[in-house]
Amino acid sequence: MKRREFINKAALGSIALPLFSPDFNIESKGKSDIKVGFSTVDLRDCIISDTGYRYPLEAKCMVLEEGKLNVLLYALDFGEVHLGFCEDVQAKIGRTFNISPESILLHTTHTHSGPWDHGQGERMIDATKLVELLTQTANNAFSNAKPAKLKIGEENVGKRLSVHRRGDTNTGMGIQTYWFGYEYNEGDDRPEASALINEMSSRWMGKLGNYKSCEEKVYFDREVDPWVQVMYFVDLKDKPLGSIVRFSAHPHQASFFRESMWDPDFPGRTRNYLEKELGGHCLFLQGGSGNLVPKERVKYQLWDDYKFNEVYLGPLSEFHAIDENELLADIDRIGKEIASAAITALQRAHFTRLNGFRYKFSIFDVPLDPSLPASAEEIEVIRKALTREYYNFLAANGDLSELRRLANVLNWLDWGAYYALGLITQTDRINGFKPAPYSVLRLNETPIVFMNSEVSVETSLALREQFKTQKPWIVSLTGGTLSYMPTDKMIDEGGYEGRNTLIAKGTEPKVRRHITEMLTKS
């Protein structure tokens, strides 16, 4: 979501979470009657908006069924939804099917050109109608469910499809984040950020953005999550049932057209290609993409009305594509290349019978930053004082390294503090933590780890390395969000993700230990 939209919609809110069971487990008996079913439903009827559609937004559903044991996995073309939203929807679907709500997984692909619900401001999603749609598509998936065989594969695409968007600016600004607008030198595949750094540094100094590259290049080429992971299911007569594909990068490209339209972005393109190639229905799962973006090749320019009515020192959204056909083609290219990598991985794999699944659900109490302001009024009092400090800084001709401290606090107010108002209840503040869901689903012996919030690539790679023989799938944005889940190093560095967070320092290692225990015991 663009910063201006978020702040305009931010308002006081308190969402009460009805807690699920702290721990919940399912283990199939390994009998031959394990069934898998897939289905799709258009989400238009539950979206409250006059915005038009470039492509349909959909919910994809996969069900696992063995007798009275069931797991439902939904992947929805939404940006993000809060934890309470998910719990309410899961509880209602669970009552309909007489199954435990803990065994229902709601995942959002994180398309920025889809609706969001952070528990504050005007609602964009009608939860009652969403439940009706998800119930309908689950019924279809159960009706289509059959005993299955599956292929499991993965393809390492290196750095050709994604960019680590945090990097050292080689200036007094230190580590910063740039969502898009990188440039590429001829014969060099590394994203170059000097124009973005110039724009940010000139804006910090109170000037209009200078989006021009320098002779001294600054490359953003840190480690990414290179894995396209895929599962493909057929029935015992080799008729296609469906597939699941996982990749890590923010689907934000489709939100930067001049005219805003709903669009599933590259995850929707990936699904379409795989459904045409493989048959059946395809679910796209978003990996640990908290600080990863697509490696786009689009030329941008600043908005004609580029200006700010208040001090803003964070990453910029005020760009648009010079050629929108180029942008549309690039979204399609990225989606198709992810699908092609998935097909390549499946060509090396062999079908095996789906002979078991295990599912473990566990609540973890996520420690909260105790300094989060409790109201919009409190935030604005702090902002007013910092704004005075900023203008005093400009008058004194201060340098960028001094301004960096102000930038970190202002970013924290703009994103983390406002974000918290709809997600953190008074009870959460008193307790000092927010209960949040984590799940591990094993199909045969391959684990899929479902985490809430926006997980960083460092977390994904650390878990992958720790359990490398199992090749776990690390999936984020499932069961809702608490915004970013940065590492301690990112919090120390500051910048966008390090400040757009509600958690206390020391939380990410605890979350990894929690996942480690779940993987060890599942």
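The values are calculated or read from the model by the stated rules, or taken from the named source; none is laboratory data. Predicted, not measured: the structure shown is a model, and the values here were computed from it. When we count neighbours, we look across all protein chains shown, and the Cβ atoms used for this are built from the backbone with ideal geometry, even at glycine. Keep in mind that these areas ignore ligands, DNA and RNA; they rest on the heavy atoms of the full protein, side chains included. Shrake-Rupley method; radii C 1.70, N 1.55, O 1.52, S 1.80 Å.
Just a few scattered comments:
- Considering residues of segment 28-48 that are closer than 16 Å to Leu150 by Cβ and not in a strand (DSSP E or B) only, the residue modelled with the lowest pLDDT: Ser32
- Taken residue by residue, segment 297-316 has no member that is crowded, with 24+ Cβ neighbours inside 10 Å, in contact (Cβ under 8 Å) with a residue 12 or more places away in the chain and either of a type in the set (Phe, Trp, Tyr) or not in a helix (DSSP H, G or I) (or both).
- Of the strands (runs of 3 or more DSSP E) contained entirely in segment 145-203, those carrying at least 3 residues that are in contact (Cβ under 8 Å) with a residue 60 or more places away in the chain and not hydroxyl-bearing (Ser, Thr, Tyr) fall at 146-156.
- Looking at segment 389-449, the helices (runs of 4 or more DSSP H) lying wholly inside it that each contain 1 or more residues that are closer than 16 Å to Gly172 by Cα and more than 22 Å from the chain's Cα centre (by Cα) sit at 400-411.
- Residue within segment 116-130 that is modelled with pLDDT of 95 or more, assigned to a strand (DSSP E or B) and closer than 27 Å to Val455 by Cα present: yes
- Scanning segment 485-500 for residues that are in contact with a strand residue (DSSP E or B) (Cβ under 7 Å, 6 or more places away or on another chain) and open to solvent by less than 10 Å² (accessible area, probe 1.4 Å) returns Met485, Pro486, Gly494, Gly495, Glu497, Asn500.
- Per the conditions (1) out of contact with any Gly (no Cβ under 9 Å at 6 or more places or on another chain); (2) open to solvent by 10 Å² or more (accessible area, probe 1.4 Å); (3) assigned to a helix (DSSP H, G or I); (4) not hydrophobic (A, V, I, L, M, F, W, C), the sole criterion not satisfied by Thr137 is (2).
- Scanning segment 321-346 for residues that are among the β-branched types (Val, Ile, Thr) and closer than 19 Å to Val230 by Cβ, we see that the one that is surrounded by the fewest Cβ atoms within 10 Å (Cβ to Cβ) is Thr344.
- Residues of segment 357-398 classified as open to solvent by 40 Å² or more (accessible area, probe 1.4 Å) and either farther than 22 Å from Asn431 by Cβ or among the charged types (D, E, K, R) (or both), total: 17
- Only listed residue being over 25 Å from Val234 (Cβ atoms) and aliphatic (A, V, I, L, M), chosen from Leu302, Leu274: Leu302
- Qualifying residue in segment 272-287 (condition: in contact with a strand residue (DSSP E or B) (Cβ under 9 Å, 6 or more places away or on another chain), over 23 Å from Lys151 (Cβ atoms) and not in a strand (DSSP E or B)): no
- Against the list (1) surrounded by 21 or more Cβ atoms within 10 Å (Cβ to Cβ); (2) more than 22 Å from Ser476 (Cα to Cα), the condition His281 fails is (2).
- Condition check for Arg353: out of contact with any strand residue (DSSP E or B) (no Cβ under 7 Å at 6 or more places or on another chain), open to solvent by 60 Å² or more (accessible area, probe 1.4 Å), in contact (Cβ under 8 Å) with a residue 40 or more places away in the chain and not acidic (Asp, Glu): no
- Considering segment 213-264, and only residues there that are under 18 Å from Thr459 (Cα atoms) and among the basic types (Lys, Arg), the residue that is most open to solvent (accessible area, probe 1.4 Å) turns out to be Arg222.
- For segment 49-100, residues that are outside any strand (DSSP E or B) and either over 20 Å from Ser39 (Cβ atoms) or of a type outside the set (Asp, Glu) (or both) total 30.
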